[in-house]
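K.L.:
Right, I'll just put the structure down here and ask away after.
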Amino acid sequence: MGFPAARTAFNPHSRPGFSTYPIGFKENGIDGQLAKILQELPNHSNPDWESAEGTNVKVGTGSSEISWNDYVFGMFNHGASVVNIFCMVKPQPLRCSN
């Protein structure tokens, strides 16, 4: 199962929102998933859009080749008005050494 095509998020009744988990390859210096979204925006008059859910972690791996700065600023610098970040790593208890 994959993500639906970016074009399915556009309609006359709402602003588009996307799941933005990195897919790990870059097109024009940005993550491939973000590149797919950006390719579709001009076809719909470049509306504001949002990352409705996402994190800088490839699902199932716990890692990403993309820095947090590239992940977050890549969206805001390309018209995102909201970026909602989920945590994909179980927090570890604080351990102090004395």
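K.L.:
Taking the full set of protein chains and a 1.4 angstrom probe, give the accessible area of Lys58 in square angstrom, rounded to the nearest 10.
P.N.:
50 Å²
K.L.:
Ok, one more. Over the heavy atoms of Glu53, what accessible area does a 1.4 Å probe trace out, to the nearest 10 Å²?
P.N.:
Rounded to the nearest 10, that gives 60 Å².
The values are calculated or read from the model by the stated rules, or taken from the named source; none is laboratory data. Only a predicted model underlies this, so the values are computations on that prediction, with no experimental measurement involved. We work out accessible area using only protein heavy atoms, side chains counted, and drop any ligands, DNA or RNA first. Shrake-Rupley method; radii C 1.70, N 1.55, O 1.52, S 1.80 Å.
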